[in-house]
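Taking it in order: structure first as structure tokens, then the write-up.
The values are calculated or read from the model by the stated rules, or taken from the named source; none is laboratory data. Since we're looking at a predicted model, the values are computed, not measured. All Cβ positions, glycine included, derive from the backbone under ideal geometry; neighbour counts span all protein chains shown. Areas reflect the complete protein model, heavy atoms only, side chains present, ligands, DNA and RNA absent. Shrake-Rupley method; radii C 1.70, N 1.55, O 1.52, S 1.80 Å.
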Amino acid sequence: MAHAVTAPPPDTSSGVKLQSGTASSISGFSEKTLSRMADRGELTVTYTPGGHRRYLEDEIRAIAKGGGA
């Protein structure tokens, strides 16, 4: 029996990526705490070619409101 293939849900995030300092200011969490959250998989993080973290604005604003990531 063949399995139906479904498309992933559309991406509704803004796609805006924030530097660590900006993410820290918006969320109220220290840069180190955000780094640890990303390392635990609680936040999505991407890296610049130079190795700097970038956080998704939507996730940072969600944790700032107490909504979690």
| field | Residue list for segment 1-27, filter: surrounded by 11 or more Cβ atoms within 10 Å (Cβ to Cβ) and at pLDDT 95 or above | value | 17, 18, 19, 20, 22, 23, 24, 25, 26, 27
| message | Checking the conditions here, which among 66, 50 is at positive phi and either in contact with a strand residue (DSSP E or B) (Cβ under 8 Å, 6 or more places away or on another chain) or surrounded by fewer than 11 Cβ atoms within 10 Å (Cβ to Cβ) (or both)? | response | 66
| query | Is it true that some residue in segment 32-41 is open to solvent by less than 60 Å² (accessible area, probe 1.4 Å) and modelled with pLDDT under 95? | reply | no
